[in-house]
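The values are calculated or read from the model by the stated rules, or taken from the named source; none is laboratory data. What you see is a predicted model; the values in this text were computed from it and never measured. No Cβ is skipped: glycine too gets one built from the backbone with ideal geometry, and neighbour counts run over all protein chains shown. Please note that ligands, DNA and RNA were not included when accessible areas were found on the heavy atoms of the full protein model with its side chains. Shrake-Rupley method; radii C 1.70, N 1.55, O 1.52, S 1.80 Å.
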Amino acid sequence: MGNISLYELTEQYDAVLNMLYDGETDEQTIMDTLESIEGEIEDKADNYAKLIRIMQTDAELLKKEEDRLAARRRSLENRSGQLKQNLQANLEFIGKTKFKTALFSFSVATNGGLQPLTITDNIGDIPGKYLIPQPPVPDKDAIRNLLAEKDVEWAHLEPRGKSLRIR
């Protein structure tokens with residue numbers, strides 16, 4: 001999609017756009033400024049839509065950048081973890097598990113905390129006293145289907161909300 005040059009904004013709406021982006025102007029000031037701009041409702045609606053589209057486009061660009069940065073972060077985390085595992089394996093292999101250099105201290109130690117646990121059998125084979133009972137969870141899809149057929153006193157459907165669509 002586009003950028004700010006895709007839509008021509010009047011000077012007043014451009015000022016509002018700057019307020020929306022500056023992060024310092026409070027919501028009430030922005031709303032008061034928008035209300036003070038003269039014009040027909042259709043012109044106001046067009047300008048609101050322009051502001052919305054500009055911000056949605058920028059938000060989408062930021063989302064893509066977040067995804068790119070998160071992938072880069074995960075890659076660096078994985079690679080540094082692999083390097084750490086490789087160094088640990090080499091230190092253990094040669095039996096040098098605790099030493100210092102001018103820059104770092106190294107030690108290979110047993111992890112603390114609870115010892116890792118693996119459940120190897122079918123859950124049905126575990127005695128009941130070792131199982132945690134779970135509270136029942138409503139099956140919302142089944143309840144919606146039931147409400148399509150009849151009313152019940154223990155559930156009801158809420159009215160659908162409304163939203164503005166700009167095309």
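Descriptive notes on the structure:
- Criterion: of a type in the set (D, E, K, R), under 27 Å from L164 (Cβ atoms) and out of contact with any Pro (no Cβ under 6 Å at 6 or more places or on another chain) - qualifying residue of R53, R72: R53
- Counted residues, region 121-146 - those being polar (S, T, N, Q) and either touching a Cys at 6+ places or on another chain (Cβ under 7 Å) or more than 24 Å from L157 (Cβ to Cβ) (or both): 2
- Looking across region 120-146, the residues that are open to solvent by 100 Å² or more (accessible area, probe 1.4 Å), β-branched (V, I, T) and at pLDDT 90 or above come down to I132, V137.
- Matching residues in region 99-119 - criterion: being open to solvent by less than 100 Å² (accessible area, probe 1.4 Å) and more than 25 Å from N86 (Cβ to Cβ): none
- Restricting attention to region 21-54, the residues that are open to solvent by less than 50 Å² (accessible area, probe 1.4 Å) and of a type in the set (A, V, I, L, M) total 6.
Rundown of residues vs (1) under 30 Å from L17 (Cβ atoms); (2) at pLDDT 95 or above; (3) assigned to a loop (DSSP other than H, G, I, E, B); (4) not small (G, A, S), yes/no style:
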| site | (1), (2), (3), (4) |
| --- | --- |
| D46 | yes, no, no, yes |
| E60 | yes, yes, no, yes |
| R68 | yes, yes, no, yes |
| E77 | no, yes, no, yes |
| Q85 | no, yes, no, yes |
| N90 | no, yes, no, yes |
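- Identity of the residue in region 81-98, open to solvent by 100 Å² or more (accessible area, probe 1.4 Å) and not charged (D, E, K, R), that ends up nearest to the chain's Cα centre (by Cα): Q82
- Residue in region 2-12 that is touching a Ser or Thr at 6+ places or on another chain (Cβ under 9 Å), open to solvent by less than 60 Å² (accessible area, probe 1.4 Å), outside any helix (DSSP H, G or I) and within 23 Å of R167 (Cα to Cα) present: yes
- Residue within region 137-154 that is of a type in the set (A, V, I, L, M, F, W, C), part of a loop (DSSP other than H, G, I, E, B) and under 31 Å from the mean Cα position of the chain (by Cα) present: yes
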